[in-house]
Amino acid sequence: MRYNVNFLAPTAALVGLVLQCGTDAAIIPDSLGRRVVVEPRSVHTIQEFPIRTDSAPEPPRWSTRIRDSIVSQLFRKADRQGRRRESQRYLSETAKVVSQYAGDVVLRFTLKTPEEIKALAEASNILLLDVWSTTKTHADIRIAEADIPPLLDLLPASLQHSHARLMHDLSQTARDTYPGASPVSSYHGQTLDGVQSLFFEDYQPHGVIQAWMNLLQTLFPTHVEVINLGKSYEGREIQAIRVGTQVTDGRRKKTIIVTGAVHAREWISVSTVSYLAYSLITGYKRSDDHLLDTLVDEFDWYFIPTLNVDGYVYTWEGDRLWRKNRQPTTLAFCKGIDLDRAYNFHFDGSSQSQSNPCSDMFPGTSPFEATEAKVFSDWTYNITREGAEIVGLLDFHSYSQQILYPYSYSCDNMPPDLENLEELGIGLAKAIRLISGEHYEVTSACEGTGFAKYQGTTGGGSMMDFFYAEDRIPYSYQIKLRDTGSYGFLLPKDHILPAGKESMSLLKYFGRFILDDGSPMQQHGDLKK
């Protein structure tokens, strides 16, 4: 499938022309997105910021009002002229993509003993099942209905009837996640401006996200820059949007990295990372929440909505439930490497993992075989050499509503600053609960993933573990977003804004915690390898 994004280019140009007089926005051609030359690798107390006593924000200048009006009108014009036609095409083409799930079901197995967990993990490897989620108490597995009896034959008697279906129609649920496939929720447009509602009312394809990032760079050049980390296996640019003001007093700002779509099918992570970037960008000096100003002034933020860009594109064009990247493996008919198992920290080199490239958790035959993992690792190494102090990594995933900290590879070895990780994690969960009432479990990645102890499904080679232990990023977390299984990876689009809002509460708490407490780099040098 292909999606029309041509209307965004004239939008950026026209807005830039109008704004040359009397505003901080200017025309910045897309070609000026900076390309980084990457070299290969050779106790806390939260205090609220004092409330400012200065006057309320000034009304928007005439140029700002014109800018907002033009962007809004152009987006709505494109919406009026093309949305009906595009929606019909989406419905036709997505029907082909999701028809492959006819006859598939998602089963939730209730797990009570280690023996049950081990038996289900081993059966999943033997039958090459699509494991959606595993926790200490249950596992969600997608399986063809005809394959249920062979699966049950491999399981102990206690699991024969200890399962239930999670959704009625998998194909229709998948189809509903594409634009134009279902009515827009009445939630949208009630509290947000027209442009934001239009972008976040649907999940967006890669081309639209790229054009949207370039538009933000054009509109807010004082604190926004689109950069290229490098190229994916299929040659696409892996882009980040940097949010932060320039420092004039000689000090160095701390850096926080926020990633989405490490696993391609987790679309809510893409929308959430985009929402976080948008909220910081548009809230800077324009909101009565002065914490936003502080976060933009004090940190360099790098938002990477689609780290697994090839896989994400493929979920729109070939398989909505694709997880890995699109790199060839030793078996021509089994593409893809799991980008969350591809790093050089306790990499899973077991024969069981290496011999199974068809598995959704295939880590590759060696660390950094996955192109995107190597590009990302080299980029962080490069900016660190240039003087960046990376103090935080927030890696957004779905689903299960969990806040996970290191380690993933082992439930026996504890990180040296466990108390810090747990304290901040509990605070992040509370920040979400206060804004939306949703409960997020806080635990180590190994404890939070029921299959992590078993070969073939191990948590070795974890991206979070690598950046925590090797790159010394002291506050490294994996955030598993909504929901807890009703829709899984096929979360309806009317959850985009609520998930974004609760994640924004998390992000603000995360930044405030680090500012209040500092970064415990000195506690981070005695890592267990």
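The values are calculated or read from the model by the stated rules, or taken from the named source; none is laboratory data. For clarity, every value in this text was computed on a predicted model and none was experimentally measured. Neighbour counts are summed over all protein chains in view; Cβ atoms, including those assigned to glycine, are modelled from backbone coordinates with ideal geometry. For accessibility, only protein heavy atoms count, side chains too; no ligands or nucleic acids. Shrake-Rupley method; radii C 1.70, N 1.55, O 1.52, S 1.80 Å.
Quick one: plug the Kirkwood hydrodynamic radius of the stretch 206-516 (C-alpha pairs) into Stokes-Einstein at 4 °C, 1.567 mPa s, and report D in µm²/s. Write out the running numbers ahead of the final one.
Values: Rh = 19.5 Å.
In µm²/s, the coefficient is 67.
Sorting 323-332, 171-180 by their mean Cβ neighbour count within 10 Å, with the most densely packed peptide first, gives 171-180, 323-332. Exposure check, 1.4 Å probe, all protein chains in place: residue 361 carries approximately 40 Å² of accessible surface. On the principal axes of its alpha-carbon atoms, the stretch 138-181 has extents of 45, 20, 13 Å, going from largest to smallest.
Tell me, what % of the accessible area of the stretch 206-516 is carbon and sulfur with a 1.4 angstrom probe?
45
Both radii were evaluated on the Cα set of the stretch 264-337; the Rg over Rh quotient, with Rh as the Kirkwood radius, amounts to 1.20. Peptides 284-297, 390-403 ranked from most to least packed by the mean count of surrounding Cβ atoms within 10 Å: 390-403, 284-297. The relative contact order of the stretch 206-516, computed from alpha carbon pairs under 8 Å that lie at least 6 residues apart in sequence, is 20 percent.
Percent of alpha carbon pairs in the stretch 341-397 separated by more than 15 Å?
Numbers: 941 of 1596 pairs.
So the pairs more than 15 Å apart make up 59 percent of the total in the stretch 341-397.
Can you run the Rg to Rh ratio on the stretch 102-166? Use alpha carbon positions and the Kirkwood inverse-distance Rh. Don't jump to the answer; show the numbers that get you there.
Values: Rg = 10.5 Å, Rh = 11.6 Å.
Result: Rg/Rh = 0.91.
Output the pairs from 118/254; 112/480; 136/508; 254/480; 96/118; 96/508 with a Cα-Cα distance over 32 Å in this structure; if there are none, say none. Correct reply: 118/254; 96/118; 96/508.
If you count, for each residue, the other Cβ atoms within 10 Å and average over each peptide, how do 406-413, 336-343 line up from highest to lowest?
On the way: 406-413: 21.0, 336-343: 27.4.
Sorting 406-413, 336-343 by mean packing, highest first, produces 336-343, 406-413.
Coupling constants for the stretch 145-152 follow from the phi torsions by the Karplus curve (6.51 cos²θ - 1.76 cosθ + 1.60, θ = phi - 60°), and in residue order they are 4, 5, 8, 5, x, x, 5, 5 Hz; glycine and proline get x.
Summarising the strand pairing of the stretch 206-516, around 35 percent of its internal DSSP beta bridges are antiparallel.
State, as an integer percentage, the relative contact order of the stretch 246-394 based on alpha-carbon contacts under 8 Å between residues 6 or more apart. Can you show the working numbers first?
On the way: 235 pairs, mean separation 41.3, N = 149.
So the answer I get is 28 percent.
Altogether, the Stokes-Einstein calculation at 4 °C and 1.567 mPa s, with the Kirkwood radius of the stretch 381-458 over Cα pairs as Rh, returns a diffusion coefficient of 91 µm²/s.
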